[in-house]
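Asks: The structure that follows is given in the form of structure tokens.
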Amino acid sequence: MTISMQTRAGLPQAFAHEWIKFRSVRSLVWTSFATAVVPVLGAVFVAATGSLRPDDTVLGAGLTLSVTAQMLAAVVGALLITGEYGSGSIRTTFAATPRRATVLAAKAALLAGLTYALALASCTLAYLVGDAMLEDGTYAQGEPLPALFGVAACFAVAALLGLAVGTLVRHSAGAVTAVIGLLLLPSLLGPLFGDAQRWVAGLSPTAALQKLTQTSDATPETVRSLGPWPSLLLVAGYTAALLGLAAVTLRRRDA
């Protein structure tokens with residue numbers, strides 16, 4: 001009996017359970033699909049209409065809707081756990097895997113891997129579509145490598161941020177609202193902090209993404225704070241801390 005319980009509670013088994021549940025929930029599947037499709041549609045629209053700024057790059061143009069897609073990734077992360085709280089199936093999950101930190105780790109591993117793979121493929125395709133549709137030499141190319149790997153990491157971090165917030169809030173509407181606020185508020189509130197604006201705005205996951213896409217939307221107030229890679233590391237750091245807090249909270253309260 002002890003051996004059986006340890007087998008059921010292991011991370012590989014929990015990961016397999018999470019994958020099965022993920023595929024069976026339509027809202028997660030369709031929101032993930034939208035996350036992958038939105039950047040490509042944005043690249044087609046921008047290239048077809050020529051709605052670029054003169055100082056924009058092909059990479060930035062191709063990833064025009066990457067911030068929107070990043071928010072969808074965060075929504076997927078929140079719904080991954082709040083959906084179970086809403087339906088009450090979280091009790092069954094904890095019965096199958098009593099170690100709640102293992103459940104959260106399995107969700108995080110699945111979410112990070114899947115989001116990264118989808119984002120890397122989608123954003124690479126969006127860049128290639130924009131490059132093919134835009135006239136050669138009209139706009140600066142930008143530096144797609146290694147930036148595209150960082151862009152995909154920004155999506156994965158946003159999804160994990162959504163998971164952490166969803167674990168803490170437990171209600172879908174509240175978690176989605178909260179995580180979108182975390183993505184956008186630093187940039188919106190930055191001007192209120194005077195000379196510290198560029199540092200406050202630079203804390204936003206969307207700011208890290210915009211720096212990596214090399215878009216003209218990455219304003220001097222944002223760019224003059226941290227560089228793209230240090231900014232991504234900072235966002236990943238406080239997301240990891242929030243996940244740690246979520247794990248502690250998950251173990252201490254009732255399902």
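The values are calculated or read from the model by the stated rules, or taken from the named source; none is laboratory data. Here the structure is a predicted model, which means the values were calculated and not measured. Virtual Cβ from ideal backbone geometry, glycine too; neighbours counted across all protein chains shown. Just the protein is used for accessible areas: all its heavy atoms, side chains included, with ligands, DNA and RNA removed. Shrake-Rupley method; radii C 1.70, N 1.55, O 1.52, S 1.80 Å.
Asks: Would you mind telling me which numbered condition in (1) touching a Pro at 6+ places or on another chain (Cβ under 8 Å); (2) over 30 Å from residue 135 (Cα atoms) residue 88 fails?
Replies: (1)
Asks: Looking at segment 84-98, is at least one residue of a type in the set (Val, Ile, Thr), closer than 26 Å to residue 126 by Cβ and assigned to a helix (DSSP H, G or I)? It would help to see each step written out before you state the result.
Replies: So the first thing to find is which residues in segment 84-98 are of a type in the set (Val, Ile, Thr), and the list is 90, 92-93, 97.
Checking the rest, the ones that are also closer than 26 Å to residue 126 by Cβ come to none.
No, every residue in segment 84-98 fails to be of a type in the set (Val, Ile, Thr), closer than 26 Å to residue 126 by Cβ and assigned to a helix (DSSP H, G or I).
Asks: Go through the residues of segment 102-125 one by one and say whether even a single one is outside any helix (DSSP H, G or I) and modelled with pLDDT of 90 or more.
Replies: no
Listed here are the residues, each with its yes/no results for (1) open to solvent by 60 Å² or more (accessible area, probe 1.4 Å); (2) touching a residue at least 40 places away in the same chain (Cβ under 8 Å); (3) more than 30 Å from residue 47 (Cβ to Cβ); (4) among the aliphatic types (A, V, I, L, M).
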residue: 66; (1), (2), (3), (4): no, yes, no, no
residue: 85; (1), (2), (3), (4): no, yes, yes, no
residue: 88; (1), (2), (3), (4): no, no, yes, no
residue: 118; (1), (2), (3), (4): yes, yes, no, yes
residue: 141; (1), (2), (3), (4): yes, yes, no, no
residue: 169; (1), (2), (3), (4): no, yes, yes, yes
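Asks: Kindly indicate whether residue 249 is of a type in the set (S, T, N, Q), in a helix (DSSP H, G or I) and open to solvent by less than 50 Å² (accessible area, probe 1.4 Å).
Replies: Details: of a type in the set (S, T, N, Q): yes; in a helix (DSSP H, G or I): yes; open to solvent by less than 50 Å² (accessible area, probe 1.4 Å): yes.
When the stated conditions are applied, residue 249 passes them.
Asks: Which of (1) in a helix (DSSP H, G or I); (2) open to solvent by 40 Å² or more (accessible area, probe 1.4 Å); (3) touching a residue at least 24 places away in the same chain (Cβ under 8 Å); (4) closer than 30 Å to residue 131 by Cα is the odd one out, the single condition residue 53 does not satisfy?
Replies: Every listed condition holds for residue 53 apart from (1).
Asks: Further, regarding this structure: So which of 80, 72, 59 ends up being aliphatic (A, V, I, L, M), open to solvent by 30 Å² or more (accessible area, probe 1.4 Å), part of a helix (DSSP H, G or I) and modelled with pLDDT of 90 or more? Steps first, please.
Replies: Working: 80 fails: open to solvent by 30 Å² or more (accessible area, probe 1.4 Å); 59 fails: open to solvent by 30 Å² or more (accessible area, probe 1.4 Å).
Just a single option satisfies the conditions, and that option is 72.
Asks: Pick from 222, 206, 215, 167: which is in contact with a Ser or Thr (Cβ under 9 Å, 6 or more places away or on another chain), of a type in the set (Val, Ile, Thr), at pLDDT 80 or above and farther than 30 Å from residue 254 by Cα? Step through it out loud before you land on a result.
Replies: Details: 222 fails: at pLDDT 80 or above; 215 fails: at pLDDT 80 or above; 167 fails: farther than 30 Å from residue 254 by Cα.
Result: 206 is the single residue among 222, 206, 215, 167 that is in contact with a Ser or Thr (Cβ under 9 Å, 6 or more places away or on another chain), of a type in the set (Val, Ile, Thr), at pLDDT 80 or above and farther than 30 Å from residue 254 by Cα.
Asks: What about residue 185, is it modelled with pLDDT under 90, of a type in the set (A, V, I, L, M), open to solvent by 60 Å² or more (accessible area, probe 1.4 Å) and farther than 18 Å from residue 67 by Cβ?
Replies: Working: modelled with pLDDT under 90: yes; of a type in the set (A, V, I, L, M): yes; open to solvent by 60 Å² or more (accessible area, probe 1.4 Å): yes; farther than 18 Å from residue 67 by Cβ: no.
No, not satisfied.
Asks: Open to solvent by 30 Å² or more (accessible area, probe 1.4 Å), hydroxyl-bearing (Ser, Thr, Tyr) and more than 23 Å from residue 241 (Cα to Cα), is that true of residue 124? Break it down into steps so the answer makes sense when it comes.
Replies: Numbers: open to solvent by 30 Å² or more (accessible area, probe 1.4 Å): yes; hydroxyl-bearing (Ser, Thr, Tyr): yes; more than 23 Å from residue 241 (Cα to Cα): yes.
It is true that residue 124 is open to solvent by 30 Å² or more (accessible area, probe 1.4 Å), hydroxyl-bearing (Ser, Thr, Tyr) and more than 23 Å from residue 241 (Cα to Cα).
Asks: Continuing with the same structure: So which residues in segment 188-203 are open to solvent by 50 Å² or more (accessible area, probe 1.4 Å) and either closer than 20 Å to residue 249 by Cβ or assigned to a helix (DSSP H, G or I) (or both)? Even if it seems obvious, please write down each step before you answer.
Replies: Keep residues of segment 188-203 that are open to solvent by 50 Å² or more (accessible area, probe 1.4 Å), which gives 188-189, 191-193, 195, 198-199, 203.
Within segment 188-203, 188, 189, 191, 192, 193, 195, 198, 199 meet the criteria.
Asks: Turning to a different aspect of this structure: All but one of (1) in contact with a helix residue (DSSP H, G or I) (Cβ under 8 Å, 6 or more places away or on another chain); (2) assigned to a helix (DSSP H, G or I); (3) over 22 Å from residue 244 (Cα atoms) hold for residue 20; which doesn't?
Replies: Looking at each condition in turn, residue 20 falls short on (1).
Asks: Just one of the numbered conditions (1) open to solvent by 20 Å² or more (accessible area, probe 1.4 Å); (2) of a type in the set (S, T, N, Q); (3) at pLDDT below 95 is not true of residue 31; which one?
Replies: (3)
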